Structure formats: structure tokens, C-alpha cells
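Report on one structure; see the data block that follows.
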Amino acid sequence: MNSPVVAVFAGGTSSEKEVSTGSGAACALALARSFTTRLFPVVANALPDGYDPARHVVFSTLHGTFGEDGGMQRLLDAVGGAYAGCDAASSALTMDKALTKRTVSGHGVPVVDGIAFDAASKPAAADVEGRLGTSIVVKPNSEGSSVGLHLVGDRAGLEAALGSITAGRWIAERRIEGRELSVGILRGRALGTVEIRPRSGVYDYASKYTKGSTEYVAPAPLDGALDAEVRRAAETAFAACGCRDYARVDFMVSAKGEPFLLEINTLPGMKDTSLLPMCARCAGLDFAALVREMVLPAVERFRLGNASRRP
């Protein structure tokens, strides 16, 4: 079989289910221009009914836990299924913000100073403040970039943020005041850079998903040297974490013009107005062309797998 059906997985069980549902619908519609396509709602932490690894190439739009953390990828690997995007190992790595930072810093990519901790063994506010200062970001270590975000500016705020944590693994970071940038990566190469300007000053969940709450500038108005530095850092981080096919890499740039990696998002939002498609338009790719390019390596892996199994 040389022409698989593209199976778009959407929904899932994480806190970002609604976002995934929208991404899946948009991608299924766009992919249908180039491939026979079927949309699969995912309602449990399992492969959806009707999925067949002998017929389908998966294009997942699942966000958050089970979607981005390698859970779904491990199930697909177990049945020999071909799928677009990062494999299970790199998905699990990049879902862990602290591990991602440790990995990329070893390849020369600057990261923000931070402290990772479990809810059961939270550090004292005084110890966090002593290392990171008074302007601090506290966020889950393995959730979406805007989920559970706390921005604190004094000891009382830090104590309140730490006191609200009851479960999971978290990370406290020194807050970088400056410009927030996002770089789309396709097949290891940077597409374009977008600047994110939340009207509230904070790119939290409300700013991300409330219409009109954030201005996006694409391409970002950067001088050539800084743009090249950020793009190079994004490509280096992508390779260092063993990523494949595509991802989105987010940065903060300090007032001094120093870029710091925030995280790598291996399954970013994929509506036409999402950040990765914005980055792609900077490189001349419209939404339909982008999703086609995103799935083509998996189609090729599917064909090579079938060829190797022929007698």
C-alpha cells in the first residue's frame, strides 16, 4: 500500500482537550486537500477504535499529558504504527521542562536559572528567593506553557504560590522581563520567528486563548544578528533533544538582548491562527502546505516500513 489514510488524532484526556479538538478539526480539513483523511476523536489514554497501523499514518494534535509526553507515541510504536512528529523518547524529554533545559544548556543554548521540585518536598520561599530573587515564575514542570502559571513579585506572593501546590512536579524560574518569541521548526530548520505581545503583559492561558488579548507580530521585528541567534538556538535545541519532523521553540529575550530558551513544544496548537502556522507563513508556507509538509516524513516512514515487510 503506497497511499495510507492520514488519521488525525484529536481531543484526548488532558486539560487542553478543547484546544486539541480545534486543532484536529482544522488539520483534518487541510490535510484532506492532499490525502485521504479521517478524524479520530481520542477519549481515553488508548489508541482509538478503528485505528489500523497497516492502513493509517497518524497526525496527532493531542496536547498535554498522554499527547505530548510520549504516552500515545509509545502505544503507536508498540503496534508498529507510523506517525508524524517526535518519537516517544524526545516527546517525554521535551515535556519535562527541567530536563529540556539541562539537555539544551549542555549544547550551548542559554536557559533561565530555576529550581525543579516535587509538591511533596517543596522548597522554602526564602530559599527560592535567595537563589532566584523576588521576580519569579512558578509553573508545572510537565504541562502546557500557560497552564498553572504563577507570576510572583514578592515573598508573600511566592509563599502563596508554593502553598497552592498540592501535587505534581513544578519548576520555579527567575522571571525574564523582555520580549517573548516563538520559532517554528520544520525538518530541523527554523521557519520564522513570531513575537508574542500579550496586552496584559503576561502570556497566560487567558491571553493565549481569549480573542484579542494578545498581539502577534510575524515576522518578529528583530535585528538580523538577534534573529539569526534565536533561530540557530532553536535548531540546536531541536537537535539536542532528538526531535524530528517539527516543533515550536519558545524564548524570552531580556532587555539586554539575551535570548533564553523557555521550552520546546512538540505538538503545538495547530489552528490557522496558531503560532507554528504563523512561523510557517513567514517562510512562505500557508496552512495547507504546512500540514502537508509536517506529515510527509511519516508517510515516507510508512512506505519504507511496508516495503521492508514485503516477502
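Okay, residues lined up against (1) in contact with a Leu (Cβ under 9 Å, 6 or more places away or on another chain); (2) buried (at least 17 other Cβ atoms within 10 Å of the Cβ); (3) modelled with pLDDT under 95; (4) β-branched (Val, Ile, Thr):
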position	(1), (2), (3), (4)
242	yes, no, no, no
245	yes, yes, no, no
250	yes, yes, no, no
273	no, no, yes, yes
277	yes, yes, no, no
281	yes, yes, no, no
286	no, no, no, no
295	yes, yes, no, yes
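Scanning the range 217-233 for residues that are surrounded by 15 or more Cβ atoms within 10 Å (Cβ to Cβ) and closer than 17 Å to residue 252 by Cβ yields 217, 220, 222, 226, 227, 229, 230, 231, 232, 233.
What pairs come out if I take residues in the range 110-134 that are closer than 13 Å to residue 165 by Cα and pair them with residues that are hydroxyl-bearing (Ser, Thr, Tyr) whose C-beta lies under 7 Å away, six or more apart or interchain? If the second residue must be hydroxyl-bearing (Ser, Thr, Tyr), the pairs left are 119/166. Condition check for residue 61 on (1) outside the structural domain of residue 293 (by TED's automatic domain parsing); (2) under 22 Å from residue 290 (Cβ atoms); (3) among the hydroxyl-bearing types (Ser, Thr, Tyr): one failure, at (1). Taking the range 64-92 as the range and being aliphatic (A, V, I, L, M) and touching a Gly at 6+ places or on another chain (Cβ under 7 Å) as the test, the residues that pass are 82, 88, 89, 92.
Looking at 158, 162, just one residue is at pLDDT 95 or above, part of a helix (DSSP H, G or I) and under 25 Å from residue 14 (Cα atoms), and that residue is 162. Apart from one condition, residue 45 fits all of (1) assigned to a loop (DSSP other than H, G, I, E, B); (2) touching a Lys or Arg at 6+ places or on another chain (Cβ under 8 Å); (3) within 26 Å of residue 140 (Cβ to Cβ); the exception is (2). Scan the range 68-102 for residues that are in contact with a Ser or Thr (Cβ under 8 Å, 6 or more places away or on another chain) and assigned to a helix (DSSP H, G or I) and the total you get is 10. Residue count for the range 102-158, restricted to those that are within 29 Å of residue 248 (Cα to Cα) and of a type in the set (Asp, Glu): 3. Among the residues of the range 106-141, the one identified as part of a loop (DSSP other than H, G, I, E, B), more than 30 Å from residue 226 (Cβ to Cβ) and under 27 Å from the mean Cα position of the chain (by Cα) is 122.
The values are calculated or read from the model by the stated rules, or taken from the named source; none is laboratory data. Nothing here was measured: the structure is a model prediction, and the numbers come from that model. Here Cβ is always computed from backbone atoms with ideal geometry, including for glycine, and neighbour counts include all displayed protein chains.
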